[in-house]
Amino acid sequence: MYIFKNAWTSIKRNKGRNILIAIIVVVIASACAITLSIMNSADRIVKAYEEKYQIKATIGMNRDYLMQQMRSSDKSQEDRINEFNDIEQVSVDEIENYGDSDYVKDYYYTYSLGMNANGISEAADQLVKETTETTTSTKTSTSGGGGMPEPGGGGGMGPGGGGTTSTEETTTETKRTEKIENMKAQEGTFTVIGYDSYASMTEFVEGQYTISSGSVNSDFTANTCVISKELADLNSLTVGSTITLVDPKDTTHTYALEVTGIFTENTEESDDMAQMYSGSANSIITNITVVQNIAAGNSNLKPTITPTFILKSSDVAEAFANEVSSKGLSPYYTVTNNLNEVESATEGVTNVGTFAFTFLIISLIIGGVVLFVINMINIRERKYEIGVLRTIGMSKIKVVWQFVLELLIVALVGLLIGAGIGASSSVGVANKLLETEIESTQTQMQNIESNFGGDMRPGGPGMQGDNQDGPGGPGNEKFSGTTSINKVDDINAVVDFTVLGQLLALGLALTIIGSLAACVAIARFSPLEILRERS
């Protein structure tokens with residue numbers, strides 16, 4: 001109690017110095033309160049995204065390896081197509097083997113079937129090879145003279161002769177046309193692909209496909225589909241047209257689908273090889289219910305199954321890819337994931353949090369150094385007071401505690417004032433720093449909505465049927481990455497109890513750092529020498 005009273009008396013006696021220390025602490029505390037609130041808010045946003053959006057891995061064609069193999073030597077396009085046809089597809093047993101992993105939480109399939117269609121032509125994906133066969137014939141003829149040939153005469157003529165013998169060659173060219181098709185597609189002219197949700201339609205989510213007319217039906221049980229612009233233009237199909245699919249193994253089985261949207265493929269590649277590996281032109285995109293119904297109608301139809309693996313966390317994405325490769329995945333296939341999309345959704349927020357953390361460290365270092373220097377000057381000015389206290393019998397520990405207590409009282413007052421200033425300004429500062437990120441992510445959300453065709457919010461023109469679970473609707477939890485970023489229109493970067501606790505801990509740390517000067521000086525001072533110097 002005596003130490004506290006003595007410390008309080010010393011604070012009141014040295015008001016100017018302590019007010020200066022308090023101002024420094026207020027500035028440091030305000031900066032720390034703002035940066036801590038931003039860091040906590042950014043951390044909550046990132047964790048919410050990581051918890052809400054699943055990390056998905058898929059198995060797809062390794063185009064880099066494929067193109068390398070196809071173009072590694074002087075191969076004709078015919079050889080390339082045949083080599084491409086020889087690549088074996090991933091089987092169901094392999095998919096189940098890959099799904100049996102400690103890194104996988106769950107997995108599902110996307111079904112596709114090869115089907116024919118009545119009254120429409122495919123967008124050709126084939127090579128027409130024309131070969132030419134050449135034949136040569138010889139014809140001998142005699143002209144001139146009019147006499148009889150003389151026996152044994154070497155072509156001479158008899159009386160009245162003088163004629164000649166000539167040989168004529170005739171070349172005939174015969175052309176034969178051979179069509180070499182991409183046989184990697186399933187039996188049937190068109191590939192019917194079934195999805196069970198917006199989330200599984202990654203081509204639209206990522207912007208590879210974009211609806212140019214109509215929309216994707218939100219009812220994933222209806223007999224509807226979307227088709228490519230190439231197919232629509234070739235067959236004069238529009239939104240509202242009906243496509244009749246025909247079972248290639250049993251033509252008595254037909255299935256009518258209404259066209260609700262027309263999509264275009266966004267790709268920078270335009271060469272023939274890239275077009276061959278892309279089957280979007282003849283893809284008819286529908287829902288998984290339609291494909292299952294078609295497959296159920298004929299047991300001979302074998303749908304191709306494309307897997308999606310739900311990983312337990314982002315940390316295991318690389319380990320899962322390595323495990324799948326070790327289990328025997330063909331090098332023509334590769335494991336891809338949406339980790340980049342999830343990380344890019346919070347990249348701006350993470351950058352702001354990193355900036356805030358860096359600013360916090362700099363503030364603490366500068367604040368600690370300033371307090372240390374001020375306290376060092378304070379000790380030198382009060383050297384005689386320390387000598388008197390030590391002479392009357394106060395121990396070094398008690399003297400140190402008095403100086404520490406003085407700085408702690410001043411620091412607590414400054415922390416409270418700084419916390420108040422930080423609380424009143426943290427929301428505005430945080431939202432200003434994150435304004436650019438919010439605008440960019442909202443723009444990205446609008447782009448994704450346009451990929452599906454129009455406004456996907458409840459009641460929007462892009463919605464059809466009763467299941468209005470578009471990106472902006474209540475079912476947007478089906479999406480991955482940034483698809484519900486439109487919900488983030490401000491940042492609740494407030495100074496809560498967590499921030500106050502962290503601020504108090506930092507204040508104690510600064511107090512201890514600033515008091516190190518007192519601890520060192522008081523431990524080295526000799527009271528007799530101090531009094532002798534004073535006298």
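Each label point was placed 7 Å from the Cα along the Cα-to-Cβ direction; for D86 and K302 their separation is 2.0 nm. Other residues within the sphere of radius under 15 Å centred on the Cβ of T244, judged by their own Cβ, net out at -4 (K and R +1, D and E -1). Applying the Karplus relation 6.51 cos²θ - 1.76 cosθ + 1.60 with θ = phi - 60° to segment 244-261 yields 3J(HN,Hα) values of 9, 7, 10, 5, x, 9, 8, 5, 6, 8, 10, 9, 9, 10, 8, 7, 9, x Hz, where x marks Gly and Pro. Mind checking the full-extension length gain between R44 and D315? Use 0.36 nm per residue of separation minus the Cα-Cα distance, one decimal, nm. Result for the pair: 95.7 nm of gain on full extension.
For the peptides 227-233, 41-47, 27-33, the ranking by packing is 27-33, 227-233, 41-47, with the highest mean count of neighbouring Cβ atoms within 10 Å listed first. Computed from backbone phi with θ = phi - 60° and the Karplus coefficients 6.51, -1.76 and 1.60, the 3J(HN,Hα) list for segment 56-62 is 10, 10, 10, 10, x, 5, 7 Hz; x is used for glycine and proline.
Here the simple spin-label model places points 7 Å from the Cα toward Cβ, and for T252 and T238 these points are separated by 3.7 nm.
Distant-in-sequence amide contacts of F263, defined by a placed amide H-H separation under 5 Å and a gap of 5 or more residues or a different chain, comprise S212, I227, S228, K229. Among the listed pairs K249/K302; K56/K229; K15/K396; K302/K327; K56/K312, give every one whose C-alpha distance is greater than 21 Å. Beyond 21 Å between Cα atoms: K56/K229; K15/K396; K302/K327. Each of K396 and E343 was given a label point 7 Å from its Cα along the Cα-to-Cβ line. The distance between the two points is 5.2 nm.
Taken together, the values in this text are just the output of simple stated rules run on the coordinates, not laboratory data. It should be emphasised that the depicted structure is a prediction, and the values quoted were computed from it without experimental measurement. Using ideal geometry, Cβ is built from the backbone for each residue, glycine included, and neighbour counts are taken over all protein chains shown.
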